[in-house]
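The values are calculated or read from the model by the stated rules, or taken from the named source; none is laboratory data. Note that this is a predicted model, so its numbers are computed, not measured. A quick note on method: Cβ atoms are made from the backbone with ideal geometry, for glycine too, and the neighbour counts reach across all protein chains shown.
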Amino acid sequence: MHVVIMGCGRVGSALAKSLESGGHSVAIIDRDASAFRRLPTEFVGQRVTGIGFDRDTLVEAAIESAGAFAAVSSGDNSNIIAARVARETFGVENVVARIYDPRRAEVYQKLGIPTVATVRWTADQVIRRLLPSGMLSEWRDPSGHVVLAEVAYSAQWIGHKVSQLEEESGARVSLVTRFGDGILPKPGSVIQDGDLIHVTMLWSDRDQVERVFNAGPTEGH
């Protein structure tokens, strides 16, 4: 996948390194060309000097072929504008914006732009939003036998009941995050586009759970 990053600070440069190490092509944008010195010497991706929400700058960074965009500059306004341009103008599916003010982050989550506030920032969280796949462990009991995890799922599950996902996977859906709000699923709750699904399961069952989530619902249900 091609990923465009706006902001070559400590977070942006770390993301660029991690993504490129994972086999993805990367273009990183910063208005200050000297910021690119933070990139490792082995970085082979594109360095684009310019404003990250400017259309021409984004096109130079190959936004039109990008599958993901991360706005991680030091400015909240710039980040959210760039994220919206990437999604609404260029149709990038996986977009995340770094927001320093947690109150503003909540507002933008409700607008459908995934955000990560500095107080709970980790590179893993950002990469998770950019490259949604597999399982992200969030908590394990002291024995290590039970895990609470966010598990990526096939788009085929959208429109199906949470109860069917539980039945087929054997995992218990503990929480659904929808537009930044936590929701406790009820009987009849349906999976919506953009939902983040958090499940409780046995650690030994994780491979089976991932397979069911990735495969989509069984025909006939």
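A quick yes/no check of all residues on (1) out of contact with any strand residue (DSSP E or B) (no Cβ under 8 Å at 6 or more places or on another chain); (2) modelled with pLDDT under 95; (3) in a strand (DSSP E or B); (4) closer than 24 Å to Val107 by Cα:
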{"residue": "Leu175", "(1), (2), (3), (4)": "no, yes, yes, yes"}
{"residue": "Gly182", "(1), (2), (3), (4)": "no, yes, yes, yes"}
{"residue": "Gly188", "(1), (2), (3), (4)": "no, yes, no, no"}
{"residue": "Ser204", "(1), (2), (3), (4)": "yes, yes, no, no"}
{"residue": "Asn214", "(1), (2), (3), (4)": "yes, yes, no, no"}
{"residue": "Pro217", "(1), (2), (3), (4)": "yes, yes, no, no"}
{"residue": "His221", "(1), (2), (3), (4)": "yes, yes, no, no"}
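Taking interchain pairs and intrachain pairs at least six residues apart, which have beta carbon atoms under 7 angstrom, with the first residue in region 139-167 and among the hydroxyl-bearing types (Ser, Thr, Tyr) and the second in a loop (DSSP other than H, G, I, E, B)? So the pair list comes out as Ser154/Gly216; Ser163/Pro187. Surrounded by fewer than 17 Cβ atoms within 10 Å (Cβ to Cβ), assigned by TED's automatic domain parsing to the domain that holds Val116 and at pLDDT 95 or above: is that true of Ala27 in this structure? Against the criterion (surrounded by fewer than 17 Cβ atoms within 10 Å (Cβ to Cβ), assigned by TED's automatic domain parsing to the domain that holds Val116 and at pLDDT 95 or above), Ala27 does not qualify. Only one of the numbered conditions (1) of a type outside the set (Phe, Trp, Tyr); (2) part of a loop (DSSP other than H, G, I, E, B); (3) in contact with a Pro (Cβ under 8 Å, 6 or more places away or on another chain) is not met by Gly159, and that is (3). When region 30-50 is filtered for residues that are surrounded by fewer than 18 Cβ atoms within 10 Å (Cβ to Cβ) and among the β-branched types (Val, Ile, Thr), the ones remaining, listed by number, are Thr41, Val44, Thr49.
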